[in-house]
Ligand code: ATP
Ligand code: MG
């Protein structure tokens with residue numbers, strides 16, 4: 001049966017709201033429905049595509065060309081799509097990794113972990129945690145900015161190219177993680193926690209003198225974040241290695257103490273640049289230190305930050321030959337525009353290129369690379385409902401998976417109490 005243009009318009013209107021796909025997500029309740037939208041140039045046809053190129057179930061055909069269009073019923077396509085996705089997900093290995101909502105994501109995140117996430121997002125089922133509780137370790141006074149930072153991090157994720165179909169979630173909204181943290185806390189000694197080099201470094205960098213129990217113990221909470229999803233691979237920067245080692249120790253202890261192979265060992269995947277130094281030339285580029293270049297920065301702000309960055313400390317005058325191997329700007333060149341490094345090196349060593357010009361050029365290269373991210377990010381910034389909906393969908397999925405793990409954990413620990421009416425405390 002052919003549908004009239006009016007019918008098609010009505011049907012699609014319940015799917016799309018303000019040119020956003022929020023309503024489709026809500027209507028289907030499917031995590032897979034959070035598609036990337038691509039509106040075709042034509043004013044007459046507006047087509048929704050999935051980011052991976054598969055067609056979505058909905059097309060808007062404007063009245064003038066609607067006469068021959070026969071769409072399939074949306075629900076059946078969505079159900080089939082959901083079933084297919086679930087099956088694929090069951091076969092895929094899992095990634096768990098994430099970031100603290102302490103500010104805007106930066107190019108250090110990109111080379112340290114985001115690039116790997118983007119590369120592997122089709123191969124693995126990905127869980128991306130926004131670790132809001134971890135903010136309280138060393139930023140207790142900043143709790144009021146957590147919510148807005150969660151939103152910024154989400155826009156950064158989607159802007160940099162992580163697809164909405166992945167599972168994005170906020171740590172505090174998955175209470176199973178807190179429960180698992182509690183169980184794991186009995187498996188780790190205080191002395192072991194005190195030995196963690198990253199915790200020690202962070203306490204020093206952020207001048208935390210009176211360390212809380214939550215700060216000292218956050219590697220246990222991070223282990224719970226990873227193991228609740230039985231993640232196989234953890235793409236992170238080098239500073240996270242001690243936490244993954246701690247997680248692996250917890251796996252071994254848990255399985256041994258409770259006599260069941262509930263967990264398997266997760267593996268770290270370190271980025272192509274394990275630690276990107278910040279623009280201060282001293283510390284790791286970090287959200288909490290004002291030494292970063294963020295995806296959200298304007299081209300002018302990026303230029304300002306790069307021009308002010310510490311570069312060649314040994315080069316006092318423009319006429320002096322430079323030292324590319326000891327220069328932080330050159331390091332950025334080699335990471336973000338490696339093809340240019342032979343020329344940059346030659347001109348620097350022969351003093352035909354000054355540091356200021358070199359940094360101005362570097363800034364425009366970075367701006368070129370970030371143009372697409374900036375544009376995609378902006379699309380999400382202007383659609384808060386869509387962004388929150390992607391997160392809400394992710395939280396539901398994360399809770400389901402974590403709850404399954406918790407059932408196994410309680411059974412292994414003999415605290416499932418099958419004779420009590422409220423099983424597993426739920
Ligand atoms: P904060 O200052 O709040 O600690 P951060 O910039 O260190 O923020 P995190 O949220 O702690 O960011 O780290 C998230 C992920 O990004 C981790 O896997 C971490 O290893 C990686 N990462 C962060 N900064 C860098 C960097 N400069 N180089 C490489 N990887 C990084
Ligand atoms: Mg950090």
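The values are calculated or read from the model by the stated rules, or taken from the named source; none is laboratory data. All figures in this text were calculated on a predicted structure; none of them were measured in a lab. Virtual Cβ from ideal backbone geometry, glycine too; neighbours counted across all protein chains shown.
Residue check, residue 220 against (1) in the same structural domain as residue 130 (by TED's automatic domain parsing); (2) in a loop (DSSP other than H, G, I, E, B), all met but one. Which one?
(2)
Tell me which residues, restricted to the range 277-287, are surrounded by fewer than 18 Cβ atoms within 10 Å (Cβ to Cβ) and within 9 Å of ligand 1 (Cβ to nearest atom).
283
Against the condition within 16 Å of ligand 2 (Cβ to nearest atom) and assigned to a helix (DSSP H, G or I), how does residue 199 come out, does it pass?
yes
For a quick check of your reading: which helices (runs of 4 or more DSSP H) sit entirely within the range 318-426 and have at least 1 residues that are closer than 30 Å to residue 154 by Cα and in contact with a strand residue (DSSP E or B) (Cβ under 9 Å, 6 or more places away or on another chain)?
Here the list reads 328-336, 384-413.
Can you spot a residue in the range 154-171 that is out of contact with any helix residue (DSSP H, G or I) (no Cβ under 8 Å at 6 or more places or on another chain) and either in contact (Cβ under 8 Å) with a residue 60 or more places away in the chain or not in a helix (DSSP H, G or I) (or both)?
Looking for residues that are out of contact with any helix residue (DSSP H, G or I) (no Cβ under 8 Å at 6 or more places or on another chain) and either in contact (Cβ under 8 Å) with a residue 60 or more places away in the chain or not in a helix (DSSP H, G or I) (or both), one finds at least one in the range 154-171, hence yes.
How many of the residues in the range 285-308 are within 16 Å of ligand 2 (Cβ to nearest atom) and not in a loop (DSSP other than H, G, I, E, B)?
1
Being within 7 Å of ligand 1 (Cβ to nearest atom) and either surrounded by fewer than 18 Cβ atoms within 10 Å (Cβ to Cβ) or more than 18 Å from the chain's Cα centre (by Cα) (or both) is the filter here; which residues of the range 265-276 pass it?
274, 275, listed by residue number.
Being free of Cβ contacts under 8 Å to residues at least 60 places away in the same chain, closer than 30 Å to residue 108 by Cα and either away from ligand 1 (no atom under 14 Å from the Cβ) or touching a strand residue (DSSP E or B) at 6+ places or on another chain (Cβ under 6 Å) (or both) is the filter here; which residues of the range 246-264 pass it?
Answer for the range 246-264, where residues must be free of Cβ contacts under 8 Å to residues at least 60 places away in the same chain, closer than 30 Å to residue 108 by Cα and either away from ligand 1 (no atom under 14 Å from the Cβ) or touching a strand residue (DSSP E or B) at 6+ places or on another chain (Cβ under 6 Å) (or both): 246, 248, 251, 264.
Residue 269 passes all but one of (1) within 16 Å of ligand 2 (Cβ to nearest atom); (2) over 30 Å from residue 414 (Cα atoms); which number fails?
It is condition (1) that residue 269 fails.
Has the range 274-284 got any residue that is in contact with a strand residue (DSSP E or B) (Cβ under 6 Å, 6 or more places away or on another chain), under 28 Å from residue 372 (Cβ atoms) and in a loop (DSSP other than H, G, I, E, B)?
yes
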